[in-house]
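Down below is the structure, laid out as structure tokens.
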């Protein structure tokens with residue numbers, strides 16, 4: 001039986017900034033998706049199943065949309081980049097293909113500059129530019 005993205009289990013990753021909820025499908029090289037402002041991981045609901053046949057696709061609910069954050073969490077662009085790096089470390093992701101959309105693409109550009117150690121590739125769909 002094939003499950004849809006919406007039916008995939010929601011998991012939690014603990015990072016210094018709080019708990020990040022995410023969905024994951026597939027196996028293989030990791031693809032980490034970064035959505036834009038005021039949306040959540042459901043943005044990727046039609047994309048994830050298509051990639052999951054060949055890749056491990058991870059779609060978090062980042063704090064720019066549907067996510068609870070502790071008071072005082074640093075959500076400045078550099079702080080958000082640190083959050084993405086901490087999430088990759090929490091899941092022990094390496095050689096990651098980082099995919100950013102909208103504001104998430106802008107944040108991914110900062111991740112590449114400030115935290116390149118776990119990255120293999122960067123894919124920007126229509127995105128903000130810094």
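The values are calculated or read from the model by the stated rules, or taken from the named source; none is laboratory data. The structure presented is a predicted model; accordingly, all values stated were derived computationally and were not measured. Glycine also receives a Cβ, built like all others from the backbone with ideal geometry; neighbour counts cover every protein chain displayed.
Filter region 20-44 down to residues that are assigned to a loop (DSSP other than H, G, I, E, B) and either surrounded by 21 or more Cβ atoms within 10 Å (Cβ to Cβ) or at pLDDT below 95 (or both), then give me how many there are.
Count: 6.
Each row is one residue, and each column tells you yes or no for (1) within 20 Å of residue 18 (Cα to Cα); (2) in contact with a helix residue (DSSP H, G or I) (Cβ under 8 Å, 6 or more places away or on another chain); (3) surrounded by fewer than 19 Cβ atoms within 10 Å (Cβ to Cβ).
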residue	(1), (2), (3)
86	yes, no, yes
96	no, yes, no
99	no, yes, no
107	yes, yes, no
116	no, no, yes
125	no, yes, yes
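Of (1) modelled with pLDDT under 95; (2) over 21 Å from residue 6 (Cβ atoms), residue 96 satisfies all except one. Which?
For residue 96, the exception is condition (1).
Scan region 1-19 for residues that are assigned to a strand (DSSP E or B) and either under 13 Å from residue 56 (Cβ atoms) or out of contact with any helix residue (DSSP H, G or I) (no Cβ under 7 Å at 6 or more places or on another chain) (or both) and jot them down.
Across region 1-19, the qualifying residues are 10, 11, 12, 18, 19.
Please state which of the following conditions residue 126 fails to meet, knowing it meets all the rest: (1) closer than 15 Å to residue 30 by Cα; (2) in a strand (DSSP E or B).
Unmet condition: (1).
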